[in-house]
Amino acid sequence: MNATPDRRRCILLALDNPDASRGLLALLEDAGCRVDCVTSGAAAMEAVRSNAYGLALMATELPGLDGLEASRRIRELPGDGGSIPIVAIGAGEDSDRQAACLAAGIDLCLADVPDQLSGLLDSWLQDPATLDMKVLERLESDTSPEAMPRLLATFRRETARRVAAVSRLRSAQDMHALQREAHSLKSSAGTFGAASLQQLARDLESSCRDGADGPAGELAAALVDHWACVVRALARYPHDR
């Protein structure tokens with residue numbers, strides 16, 4: 001697949017289940033995406049090395065090199081390939097399994113793949129999430145240009161962990177714990193110029209405090225979907241300066 005002006009629509013699908021692959025491929029193509037399909041972790045790593053994708057959808061269980069190890073190796077690639085947003089499909093809601101995905105460099109885990117992927121795609125293709133460059137420039141001035149890659153990588157890793165917690169807590173309807181995660185997300189998102197993520201976290205925190213289960217669930221789902229767009233913006237930094 002060659003690079004296109006709208007890289008968001010260039011997607012890698014790494015999945016070795018033919019029936020599931022056909023269903024997800026139809027969903028992606030109906031949304032106007034151009035999709036490359038591979039069936040092994042080694043092929044996924046080579047595809048990312050050789051092509052310009054906006055997003056990788058990675059099954060955790062793949063023959064040979066599994067999805068987690070493939071993700072680890074992709075993160076070691078130089079250039080844009082190493083920072084590609086990676087979404088795990090079929091990771092389930094088990095906290096240990098999700099923690100293993102996040103430790104491998106995966107940004108987001110989908111448990112209920114068709115439903116969650118549909119919402120994620122809506123956000124991914126329509127949400128123009130950007131980072132506030134003035135906020136990041138102030139952060140760089142307060143630290144150093146050399147420190148920024150490490151700080152942004154830490155923010156990306158820690159926020160992925162909190163977003164995974166938001167997703168689980170939403171399913172468990174644990175409003176108190178969800179409020180705590182939203183509060184932490186609100187603070188860190190503001191520090192790194194992710195204003196739209198910060199607003200979603202602020203609204204979620206308020207909804208949980210008010211005990212509004214319905215709106216809180218909707219806001220949590222929107223926050224999870226939006227996170228992938230923030231990752232896309234993080235992957236583009238500092239090119240968008």
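Here are the numbers for this structure:
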item: Helices (runs of 4 or more DSSP H) contained entirely in the stretch 128-241, each with at least 1 residues that are without any contact (Cβ under 8 Å) to a residue 12 or more places away in the chain and closer than 18 Å to S95 by Cβ; result: 148-172, 175-191
item: In the stretch 36-65, the residues that are among the aliphatic types (A, V, I, L, M), over 17 Å from V87 (Cβ atoms) and modelled with pLDDT of 95 or more; result: A42, A43
item: Test for Q179: is it on the phi > 0 side of the Ramachandran plot and over 17 Å from the mean Cα position of the chain (by Cα); result: no
item: Which listed residue is touching a residue at least 24 places away in the same chain (Cβ under 8 Å) and within 18 Å of the chain's Cα centre (by Cα), from G81, G41, G92; result: G81
item: Selected residue [under 27 Å from A100 (Cβ atoms), of a type outside the set (D, E) and surrounded by 15 or more Cβ atoms within 10 Å (Cβ to Cβ)] from L131, L169; result: L169
item: Considering residues of the stretch 91-114 that are surrounded by 18 or more Cβ atoms within 10 Å (Cβ to Cβ) and assigned to a loop (DSSP other than H, G, I, E, B) only, the residue modelled with the lowest pLDDT; result: A91
item: One residue from A177, A153, A182, A147 being assigned by TED's automatic domain parsing to the domain that holds P215, buried (at least 18 other Cβ atoms within 10 Å of the Cβ) and modelled with pLDDT of 90 or more; result: A182
item: Single residue of E76, E46, E69 found to be free of Cβ contacts under 8 Å to residues at least 40 places away in the same chain and more than 18 Å from the chain's Cα centre (by Cα); result: E46
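The values are calculated or read from the model by the stated rules, or taken from the named source; none is laboratory data. Every value quoted in this text rests on a predicted model; they were computed, and no experiment measured them. Quick reminder, even Gly has a Cβ in these numbers, built from the backbone with ideal geometry, and neighbours come from all protein chains shown.
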